[in-house]
Amino acid sequence: MTEPAHSSIDVQASCACGAVTMRITGRVGSMFMCACLHCQQATGTGHSAVALVAERYLTVTGQIGSFARQSASGASFSRNFCPCCATPLFGGSSRAPGICLVSAGFFAGNNSWFQPGQLIFARTRQGWDAIADHLPRHDTYRQETD
Ligand SMILES: [Zn+2]
Ligand SMILES: [Zn+2]
């Protein structure tokens with residue numbers, strides 16, 4: 001599968017309370033949905049919508065809260081959020097330093113640039129969570145096993 005080349009974007013938004021602002025200026029990498037159990041719990045719905053963005057293209061202002069957990073493989077995965085209003089911001093994995101997993105929903109109202117290319121952790125997707133039929137599905141990760 002080849003993913004389309006994504007052009008540069010320049011988008012900015014603030015969390016619900018306004019304390020944290022994120023801006024992406026540059027090229028967005030892979031975009032995907034993830035239906036793993038952690039994403040279901042963190043988002044309160046059936047899947048997360050994530051865009052991989054190089055750290056140098058992401059500017060975050062304001063104080064952020066963070067929660068890290070160990071995955072089964074030993075990698076550390078963190079989720080960052082506004083400590084005041086709890087809006088999800090971005091995540092990161094110790095396996096991919098320098099890469100931010102940005103929540104597409106943060107840019108609500110200005111995120112038509114989000115074009116997911118795959119669904120990962122399809123094995124835990126629930127039938128009530130509709131995903132476009134054309135989207136390639138992977139039981140877990142596309143390339144690596146966790
Ligand atoms: Zn906030
Ligand atoms: Zn997930």
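No lab work stands behind these numbers, since they all come straight from the coordinates. Source: prediction; values computed, not measured. All Cβ positions, glycine included, derive from the backbone under ideal geometry; neighbour counts span all protein chains shown.
Couple of notes before you dig in:
- Between amide H atoms placed 1.01 Å from N, distances below 5 Å from Leu89 occur with Asn80, Phe81, Cys82, all of them 5 or more places distant or on a separate chain.
- As computed over the chain, the Cα convex hull volume per residue (Å³): 114 Å³
- Length-normalised contact order of the stretch 8-124 in % [C-alpha pairs under 8 Å, at least 6 apart]: 30 percent
- The stretch 61-126: C-alpha gyration tensor shape, a/c 1.5 cut-off, then a/b vs b/c: oblate
- Applying 0.36 nm per residue to the separation of Asn111 and Arg142 and subtracting their alpha-carbon distance, the gain on full extension is 8.8 nm.
- With at most 14 neighbouring Cβ atoms within 10 Å, loop chymotrypsin sites (Phe, Trp or Tyr not before Pro) (DSSP) excluded, longest segment of the chain: 1-127
- Spacing of the modelled spin labels on Ala130 and Ser66, each 7 Å from Cα toward Cβ, amounts to 3.9 nm.
- Put in order of Cβ neighbour count within 10 Å, fewest first, the listed residues Met22, Met31 become Met31, Met22.
- Distance from the C-alpha centroid of the stretch 1-76 to that of the stretch 77-143: 7 Å, rounded to the whole angstrom.
- Remark: spin-label model distance Arg95-Glu55 equals 1.9 nm, labels positioned 7 Å along the Cα→Cβ axis.
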